[in-house]
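Data first, discussion second: the structure below is written as C-alpha cells.
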Amino acid sequence: MDLSTVRQHTRSEGDTESFTRFAEHVQPKLRTALIAAFGTDVAAEALSEAMEYGWRHWGRIRDMENPDGYLWAVGRNKGHTVMRGRSRRRRADRSALMPAVPNPSPWVEPGLPAAMAGLSERQRVAVFLLHGHDWPHSEVASFLGVSIPTVQKHAQRGMAKLRKTLGAGI
C-alpha cells in the first residue's frame, strides 16, 4: 500500500493510529500463515492485498470479533486467486509451495519441504504454525476461525502423513 492510498483513505488520526497498532500485531502472524499456505512469493502478494483491504475497510473490520481471522480469509482468497492464475499459465508444481532451501543444519530433513508441499493446505498450515512456529492450538484456532479440535485433527493428520512420507518418527 503506497502513501497516496493511505492519505486518500485517512478518516482521522485515531483511525490511523488504531490501524497501525493492529497492523503491527497482525502482519507478522498473517505473513507466517500465508507462507505456510502458499509459499513466500504468493504470500507476499496475498499479505499486501489483505493489509490494503484491512486499511480500506478499517471502520468495519476494527469492530469485528476476529479481525485477524477476517484478514486471514481475505489473504487466503487472494492467494488462491494468484495460484489459479499461475496454474492457468503453466501447470503448478506443488513443491513450489515450500521450496527447498539449502540448510547446513544436520537436524533438518532434506525431504521436508517436498513432504510439506504434499499436505493439504489445512494440514500444512496447522503443522507449520504449531510445530514450526510454536503457536498454541488456541491461537491457531482463533486465527483460522476454526475450533481447537479441528486444528488438532489437521495437525495430527498432517504429522501422520509427514511420518509416512519421510519414513521417520517426527
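Each reported figure results from applying straightforward, stated rules to the coordinates on display, with no laboratory input. Computed from a predicted structure; not experimentally measured. Note that each Cβ is placed from the backbone with ideal geometry, even for glycine, and that neighbours are counted across all protein chains shown.
Sort 116-127, 22-33 by the packing proxy (mean of other Cβ within 10 Å over each peptide's residues), most packed first.
For the peptides 116-127, 22-33, the packing ranking is 116-127, 22-33.
Please list 76-82, 34-40 highest first by mean number of surrounding beta-carbon atoms within 10 Å per residue.
Ranking the peptides 76-82, 34-40 by packing returns 34-40, 76-82.
Expressed as a whole number of Å, what is the distance separating the alpha-carbon centroids of region 34-77 and region 113-165?
19
Net charge near A168: determine it from the other residues with C-beta under 15 Å of the C-beta of A168, scoring Lys and Arg +1 and Asp and Glu -1.
+2
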